[in-house]
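Everything on this sheet refers to the single structure shown next.
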Amino acid sequence: MLYYNLSTYFRNKYGKRLKKICIDGGFTCPNRDGRCGTGGCIFCGERGSGEHIDRSGGIDEQVKRVLSQAGEDELFVAYFQNFTNTYAAPEVLRERYSAALIDERIRVLDIGTRPDCIDEEICKVISEFMEKREVWVELGLQTASDKTAAIINRGYKRECFERAMELLEKYRIPAVVHLMVGLPEEGDREIAETCEYLSRFKLFGVKIHSVYVMAGTRLAEMLDSGDYKVQTEEDFIRRAAYIITHIPESTVIHRLTGDCPEGALLAPSWGKDKHKLIDGISRRLAENGARQGSEFLAEP
Ligand code: SF4
């Protein structure tokens with residue numbers, strides 16, 4: 001096995017693949033509403049990810065729509081995807097997560113959020129759900145560099161990520177960290193520094209995204225003005241393979257490419273063929289006699 005992907009994790013744990021139900025939980029984002037910033041991260045679209053989700057009818061309706069088409073033996077992950085899904089009062093979080101867990105076939109509660117929206121109270125609410133389901137919290141770190149974080153308008157510094165990870169670890173909440181490959185002014189050196197930084201933490205999972213330039217974003221303006229240069233396909237494959245070899249073999253790789261809504265992708269054109277990218281990464285690992293964790297030196 002070249003790397004430990006999510007399908008393998010599901011098969012080992014549940015005997016089958018789980019499907020994702022992507023949910024728009026009706027949250028906003030502190031990096032858009034002015035609490036810590038406005039305008040959002042430069043690559044973020046108007047819907048804060050999950051542009052494909054039909055959010056009509058509330059959370060339970062979104063879940064029911066999928067379950068009504070599903071077989072009795074199918075299993076699911078309820079994935080709160082859009083914006084910042086811990087950005088509300090504890091009682092609101094409790095109510096919204098509960099609204100998604102309406103069927104025993106939903107085995108995992110997956111919460112996408114930001115490190116500055118993780119605190120003790122929120123961890124306590126999330127812990128309550130761990131008694132009933134497997135729970136993951138996804139954090140959009142993207143890069144360990146505070147310099148790049150300022151360029152992409154991420155709205156928090158890495159010490160904030162460290163505090164959030166400390167809390168998640170205290171409450172034994174599994175963390176999935178998002179990394180982006182191809183950010184402005186980042187190259188091989190910055191990817192290596194991010195891997196080195198991450199080696200300090202205990203990660204349940206990693207999501208690797210290639211940067212996509214979506215129409216209507218600040219990044220699209222930077223591309224237009226020449227302030228952003230798109231990485232090549234070869235660069236992405238080499239860097240993604242580097243990350244895989246530099247994370248522990250026990251960390252689950254939840255994804256290896258990003259998703260851009262149909263029709264909104266401005267660049268890179270090679271980003272559309274996800275299978276080709278994944279094949280390219282596997283080939284690179286195999287040709288170098290490498291695999292996940294083969295260059296990882298220190299277990300955290
Ligand atoms: S934190 Fe997430 S939702 Fe908020 S602006 Fe950044 S990418 Fe968008």
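The values are calculated or read from the model by the stated rules, or taken from the named source; none is laboratory data. All values reported here derive from a predicted model rather than from experimental measurement. Neighbour counts run over all protein chains shown; Cβ positions are idealised from the backbone, glycine included.
Structure notes:
Per-residue answers, yes or no, for (1) within 16 Å of the ligand (Cβ to nearest atom); (2) over 15 Å from Trp136 (Cα atoms):
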site	(1), (2)
Arg17	no, yes
Asp24	yes, yes
Gly39	yes, yes
Arg55	yes, yes
Glu61	no, yes
Glu95	no, yes
Ile102	no, yes
Arg107	no, no
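- Some residue of the stretch 213-230 being in contact with a helix residue (DSSP H, G or I) (Cβ under 6 Å, 6 or more places away or on another chain) and either basic (Lys, Arg) or surrounded by fewer than 21 Cβ atoms within 10 Å (Cβ to Cβ) (or both): no
- Cβ-Cβ under 8 Å pairs, at least 6 apart or on other chains, the stretch 144-164 side within 13 Å of the ligand (Cβ to nearest atom) and assigned to a helix (DSSP H, G or I), far side modelled with pLDDT of 95 or more and of a type in the set (Ser, Thr, Tyr): Ala149/Thr143; Ala149/Tyr156
- Of all the criteria given as (1) part of a helix (DSSP H, G or I); (2) surrounded by fewer than 19 Cβ atoms within 10 Å (Cβ to Cβ), the one not satisfied by Ile122 is (2).
- The C-beta contact set for the stretch 81-110 (first residue within 24 Å of Gly45 (Cβ to Cβ) and touching a residue at least 24 places away in the same chain (Cβ under 8 Å), second residue among the small types (Gly, Ala, Ser) and in a loop (DSSP other than H, G, I, E, B), distance under 6 angstrom, 6+ apart or interchain) comprises Gln81/Ser49; Gln81/Gly50; Asn82/Gly48; Asn82/Ser49; Asn82/Gly50; Phe83/Gly48; Asn85/Gly25; Arg96/Gly25.
- Evaluating Arg107 against the criteria (1) over 16 Å from the mean Cα position of the chain (by Cα); (2) part of a loop (DSSP other than H, G, I, E, B) leaves one unmet condition, (2).
- Selected residue (criterion: surrounded by the most Cβ atoms within 10 Å (Cβ to Cβ)) from residues of the stretch 1-51 that are part of a loop (DSSP other than H, G, I, E, B), touching a strand residue (DSSP E or B) at 6+ places or on another chain (Cβ under 7 Å) and not hydrophobic (A, V, I, L, M, F, W, C): Gly25
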